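A short write-up of the structure that comes next.
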Amino acid sequence: MPHIPIGILGATGMVGQQFIALLAEHPWFKVEWLGASERSAGKKFRDAAAWRLPNQLPDDVANCTVDAATPGRAPALVFSGLDSSVAGDIEAAFAKAGHLVVSNSRNYRMEPSVPLLIPEVNAEHLKLLGAQAAATGWKGRIVTNPNCSTVVLAMALAPLRPFGLKTTMITTLQAISGAGYPGVPSWDILGNVIPHIGGEEEKIETETRKILGAYQRDHNPGARAERPYRIDFRWVCRTSDRRGDHRGVDFVQGAAARSRTPVGATAPGCLSAGGEPAATTSRRQSGRRHDRHDWTTAALFAVRLQVRRARTQHDSRRRGSRHSQCRTDAS
């Protein structure tokens, strides 16, 4: 199957470098365009960025000329690792120009017509893309992935929805990689725990409710197409001195069991055991090429890669700076 060409916005930053590392030798995607600030534009990537990951920088990426972060020459599918301070306008410009933007930034996560996606949990929310076109007039689309701690919490809570979730109490000890580079000063974090991460607790609450919410097929025009899940949160989010993995403890209070559905059963809108929705599987088996404007299929593939990147930050078996993630203000 031919590779799907992709671009990376914010390619010289830590999130962009993570995208490059994950996409190296990927069976579906091939990096063909890199976008960054005007300071980096026109330079070879190896000259524009200090590579900070232990993975070897792929030669084809190292020799790629960095472009300005403006639409026009980028492929149809673009991963965005931009900081939230600039992501809003740039991502909207790409979507307006016809690109599918899969964003790691927080800017559009809570927009009613923008899917906040974990493919294993709420793939059905991709149906919001139709409402997005009507609401924005964009020729392209924006799909977002959640805050890094939200990903794992939502995946743990999702199978418990049939049993009636009421309250969840979560405490996180998050790695310093979440603050990007150069991150937290060493004298502030060595042997220490920073007791508060600004905005993190609120993001976990609002994003989890949206992800676990139900898509409303027959919603009224102008109303929200997804109904947030009702669950009360008690949370504490702290930064620990760990380099590359988040830790979290979650206690859940539920109502009496209301369903006999096995906890591990596949719910509507979830992926199959093979990791792809049935429609996508049949498309691949038929040998047909991916439609350039099949936003749903492209977004499923792309966000699945993003979620994989977020989940690696929680894997305590993996060490080192390769887990450096998004800046706190972008995540």
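The numbers here are math on the coordinates, done by the rules we state, and not lab data. Remember, predicted model here, so these are calculated numbers, not experimental data. Heads up, the Cβs are rebuilt from the backbone with ideal geometry, glycines too, and the neighbour counts pull from every protein chain shown.
Pull out a ≥ b ≥ c, the square roots of the eigenvalues of the alpha-carbon gyration tensor of segment 73-198, then state rounded if a/c is under 1.5, prolate if not and a/b is larger than b/c, and oblate in the remaining case. Judged from the Cα gyration tensor, segment 73-198 comes out oblate (a/c at least 1.5, b/c at or above a/b).
Once backbone amide H atoms are built at 1.01 Å from N, I4 has F29, K30 as its partners under 5 Å, excluding neighbours fewer than 5 places away on the same chain. Taking amide H as placed 1.01 Å from N in the peptide plane, G98 has its amide H under 5 Å from the amide H of K139, G140, each at least 5 places away in sequence or on another chain. Here segment 1-102 yields Rg over Rh of 0.93, to two decimals, using C-alpha coordinates and the Kirkwood radius. In terms of the mean number of neighbouring beta-carbon atoms within 10 Å, the peptides 61-69, 191-199 order highest first as 61-69, 191-199.
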